[in-house]
Amino acid sequence: MKNIALIFAFQENSLFARKLIRGITAYRKEHRMPWQTHLVDWPSFDPKIFKRQQYDGIIGILPPGYNPAGVPCIHIAGHRIGNGSDSYCIGQDNESMVRMAVEHLWRKGYRRLALCGYPRSSTLLWQEERIEAFRQVCADYGAVPDLLFPGRRAEPAEKKYLFLEQALKSLAVPAGIVAINDFRALDVMEAVKRARLRIPEQIAVAGIDNDEMLCSISTPPLTSIEHFPEKKGYHAAGMLDALLRGEREIPSFVPSLQLVERGSTHTLVHENQPLRIAMEYIQHNAGSMLRTEDVAQASGVSRAAIERIFRTDLRSSVNREITAARVSLAKRRLSETDTPLKEIAVQCGFRNVHYFTTVLKKCTGLSPGAYRAAIRKNLNQDPDMP
């Protein structure tokens, strides 16, 4: 029996820690690992006591390079981090998360973009990576980035909202805001309402983390980026298993991301009328066998003209947007209905279930059946730790 320490800061990020532990537990059960796991709360961590416990391995959110017992260790971090001699790391792909959020807002027609975070701090490495990524993505799109860091992180609620209101008034609308995480997104949405602005017509908001409770209690519900902590926990357990068995080749972690669109970004604000009409037409007819010619005809311009508009204004193509709309529709059908996969393929405009599977797997990393099972598992999970 191996003694494995799981070190997490439950008070700071309870949901993230619980999801990681679910993934670790899933690996342990699936592979019937002879592990005795011990939960260690990082804020009350005492390295002297910890060393006396004689653990065989560690998985946890720890400072870079820190290995309190000199045993095989898997670090899980919210930022980029390298591997050491006796420790391996699963970092956060903050650049891809921010890029996904910005691309989503851009496709909706928002050309004035802002990122709202907490006051700058050298200890918030994950935030600094997201800020740099936001600047880079805006530069790629030719947009001028607005950075909003009002007030102090522990500010009283009324002061916090007042600072945010003042910051929002400096933005020309319509504007799209990427919040540094879902908690900050809810702060932004409350300030938007207090400023008597409309969501999403004037201010669209996208968060990061896809905390389903936070996303669902907001009005309108919050669009957010899901980065699947359960997968990180599962893979971390696999990496530790390989280290404990003395394997030289440790499997690398390939992050999965998914944008979950909800009401906080569910509109189109393109100033180019043919483009706005085309995007609306695609969204409303994604389930039919759409062609570029159909979109051009609905928009009142030629095929060559609509393709040029999509390239220059949207940095995309008509076919790419049709596929994205079909995938979005398919995800809703998979999560909300028990319709057979063959019928969903037809209903969502795919020529057959094989092509549907290929496209969905390319977008999500999962087959339609696996995607449905994963969504159902998340919806039905017990909120308590396993």
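The values are calculated or read from the model by the stated rules, or taken from the named source; none is laboratory data. Note that the structure is predicted; figures quoted are calculated from it, not measured. Neighbour counts run over all protein chains shown; Cβ positions are idealised from the backbone, glycine included.
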Yes/no for LEU257 being of a type in the set (A, V, I, L, M, F, W, C), touching a residue at least 40 places away in the same chain (Cβ under 8 Å), over 16 Å from VAL98 (Cβ atoms) and in contact with a strand residue (DSSP E or B) (Cβ under 9 Å, 6 or more places away or on another chain): no
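Can you tell me which residues in region 287-316 are touching a helix residue (DSSP H, G or I) at 6+ places or on another chain (Cβ under 9 Å) and either loosely packed, with under 14 Cβ neighbours inside 10 Å or basic (Lys, Arg) (or both)?
So the first thing to find is which residues in region 287-316 are touching a helix residue (DSSP H, G or I) at 6+ places or on another chain (Cβ under 9 Å), and the list is 287-288, 290-307, 309-310, 313-316.
Once the filter is applied, which keeps residues that are touching a helix residue (DSSP H, G or I) at 6+ places or on another chain (Cβ under 9 Å) and either loosely packed, with under 14 Cβ neighbours inside 10 Å or basic (Lys, Arg) (or both), region 287-316 yields SER288, ARG291, GLU293, GLY300, SER302, ARG303, ALA304, ALA305, ARG315.
Restricted to region 171-182, and to residues that are hydrophobic (A, V, I, L, M, F, W, C) and over 15 Å from PRO119 (Cα atoms), which residue is nearest to the chain's Cα centre (by Cα)?
Across region 171-182, the extreme among qualifying residues is VAL178.
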I'd like to check something: does region 154-170 contain any residue that is within 15 Å of the chain's Cα centre (by Cα) and within 22 Å of ALA133 (Cβ to Cβ)? no
Within region 321-340, restricting attention to residues that are touching a Leu at 6+ places or on another chain (Cβ under 9 Å) and free of Cβ contacts under 8 Å to residues at least 40 places away in the same chain, which residue is nearest to LEU275 (Cα to Cα)? VAL327
Can you pull out the helices (runs of 4 or more DSSP H) entirely within region 92-184 that have at least 2 residues that are within 27 Å of SER317 (Cβ to Cβ)? 94-107, 125-141
Can you tell me which residue is modelled with the lowest pLDDT among those in region 359-375 that are surrounded by 13 or more Cβ atoms within 10 Å (Cβ to Cβ) and basic (Lys, Arg)? ARG372
